Amino acid sequence: MTRQQLRDKFIAVLTELGGSAGNGKLRDTLGWADATYGAVKEELIGDGVVTPGRGRGGSVAIAAAESAPAAPAKPAHADRSARAERPSGTGANVGYEAELWRMADALRGSMDAAEYKHVALGLLFLKYISDAFEEKHAALQAEKAQGADPEDQDEYRAENIFWVRSSKSG
């Protein structure tokens, strides 16, 4: 393989792994010798195409979309559909994991872990209360004929569900 082909394969595999990966996983996926892997990695870091991680085991991440060479990119929906088809063990096929992972990687590079956990946990909490509200709202919509009121805040409070004001409701 030429040097450029090695670089392109490195970026393509790193992209397939979600944009960042530990050295061991990336090296195993590529199937390269340590010397080849190390030389290509250092060259890409030197060119600013990838950035080294901060962990003990080492990792690399794609620096920025505009600085990465033109690697065969898959469509954004490919990750979501592949994940949606794969059983997760919980029965939930949500489809937004790839987008959350991309956003988490973007934040992780510029934040200390102590700060990052607050952002991540806050976003997870907001997602949880939104999902709980939507589930109860749908149930109340289905029970409208029996007198349920999906716009009554007390219906949600009775089951310890946060009221989430919809942009559709006034």
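Note on ASP34 and ASP131: the extension gain reaches 30.3 nm, defined as 0.36 nm multiplied by sequence separation minus the Cα-Cα distance.
Note on segment 92-158: with charges restricted to the Cβ of Lys and Arg (+1) and Asp and Glu (-1), its dipole about the Cα centre is near 300 debye.
In sequence order, segment 127-136 has phi-based couplings of 5, 4, 5, 5, 5, 4, 4, 4, 5, 5 Hz under the Karplus curve 6.51 cos²θ - 1.76 cosθ + 1.60, θ = phi - 60°, and Gly or Pro positions carry x. Amide H contacts of VAL50 (H built 1.01 Å from N, in plane; Pro and chain starts excluded): ILE45, ALA63 sit under 5 Å, all sequence-distant by 5 or more or on other chains. Residue by residue, segment 10-27 carries 3J(HN,Hα) couplings of 4, 5, 4, 5, 4, 5, 4, 7, x, x, 8, 7, x, 4, x, 5, 5, 4 Hz when phi is fed to the Karplus relation 6.51 cos²θ - 1.76 cosθ + 1.60 (θ = phi - 60°); x denotes Gly or Pro. If you take all other residues with their beta carbon under 10 Å from the beta carbon of HIS137, and give Lys and Arg +1 and Asp and Glu -1, the sum is -3. Remark on SER59: its backbone amide H falls under 5 Å from those of ASN23, GLY53, a criterion applied only to residues 5 or more positions apart or on other chains, H modelled at 1.01 Å from N.
Shown in residue order for segment 152-158 are the 3J(HN,Hα) couplings computed by the Karplus curve 6.51 cos²θ - 1.76 cosθ + 1.60 at θ = phi - 60°: 8, 4, 5, 4, 7, 4, 4 Hz (x for Gly and Pro).
So which trypsin sites (Lys or Arg not before Pro) in segment 105-170 pass both tests, a DSSP loop state and at most 15 other Cβ atoms within 10 Å of the Cβ?
Those satisfying the criteria are ARG165, LYS168.
Modelled spin labels at ALA142 and LYS9, positioned 7 Å past Cα toward Cβ, are 5.2 nm from each other.
Values quoted throughout were computed directly from the atomic coordinates according to the rules given, and no laboratory measurement underlies them. The structure displayed is predicted, hence computed values, not measured ones. Here the Cβ is made from the backbone with ideal geometry for all residues, glycine too, and neighbour counts use every protein chain on show.
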